[in-house]
Amino acid sequence: CIAKKFKVIISPEELRDKLPKDYPYFIIDLMHWEKHTEKEKNKVALQAAQSYGVLRDYLWSELLALTWVNEEFKKKAHFPLEKITAYEGSTGEFLKEKGIDEVVLLDPRAEEVLSERDFDVRAFIIGGIVDTGGTKKGTTAKIGEALESEGIKVRRRKITLRGDIIGVPDRINHILKILFEMLVEGKSMEEAILTVQ
Ligand code: SAM
């Protein structure tokens, strides 16, 4: 695979320069970090580390961006943050810096289902949310509201299996893998979901 070949022969700095300028970012938004219990924070950090692995498998780890990164997250993140794009500011600020004004927000409570038509955006956003107690229902939508208030156009999209979100694994790294199976491997949504079950 070309991505792996690049990794072997050039440094991460050179690689960053060579990335197509319009390649999308895959952003894990940590805006809701403080709403988590200690255990949930550990799970968010673990799923972020696994997401780093997913990016390395399919594309380049530099395309993984984490926003709202704080000191506590850095301590819990047992993977090399210098190999991804770790950003301490808000997602809105990050997008503005990159000149991106429209995103797809993956949201299980969205009205519309993700489709190929959505693959033209320059950023996909996944909530850095773990909800073991069911106390964070609707929090992904709040990420969208925050972005809209900063002037970003947000397409909220859900991933469904036979018309329902039940049966779709909701771990952050699994959502990312499903997205890549569709976006990079060209699989249907159902086939993509089967790869993480
Ligand atoms: N409790 C949160 C809510 O109701 O908004 C869901 C959190 S989910 C554990 C973590 C993230 O995975 C979400 O923010 C979303 O980006 C993504 N996600 C999970 N299931 C999804 C689905 N079926 N469709 C789209 N995105 C999904």
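Bear in mind these aren't lab numbers, they're just calculated from the coordinates by the rules spelled out. Given the structure is predicted, the values throughout are model-derived calculations rather than measurements. Glycine gets a Cβ as well: all are built from the backbone with ideal geometry, and neighbour counts include every protein chain shown.
Once you've got the GNM for the chain with C-alpha springs shorter than 10 Å, pick whichever of Leu59, Leu106, Leu114 has the biggest mean-square fluctuation.
Comparing Leu59, Leu106, Leu114 in the GNM, the peak value goes to Leu59.
Rounded, prolate or oblate: which fits the range 113-167 when a ≥ b ≥ c are the square roots of the eigenvalues of the alpha-carbon gyration tensor, with rounded for a/c under 1.5 and prolate only if a/b beats b/c?
Note, shape of the range 113-167 comes out oblate.
Considering only DSSP states other than H, G, I, E and B, which trypsin sites (Lys or Arg not before Pro) in the range 144-197 qualify as loop sites with at most 16 other Cβ atoms within 10 Å?
Taking the range 144-197 and a limit of 16 other Cβ atoms within 10 Å, the loop trypsin sites (Lys or Arg not before Pro) found are Arg162, Arg171, Lys187.
Using DSSP to define loop residues, name the trypsin sites (Lys or Arg not before Pro) in the range 55-144 whose beta-carbon has at most 16 other beta-carbon atoms within 10 Å.
When the trypsin sites (Lys or Arg not before Pro) of the range 55-144 are filtered for loop state and at most 16 Cβ neighbours within 10 Å, Lys98, Arg109, Lys137 remain.
Would you work out if the chain is rounded, prolate or oblate? Take a ≥ b ≥ c from the square roots of the eigenvalues of the alpha-carbon gyration tensor; rounded if a/c is under 1.5, else prolate when a/b is larger than b/c, oblate otherwise.
Judged from the Cα gyration tensor, the chain comes out rounded (a/c under 1.5).
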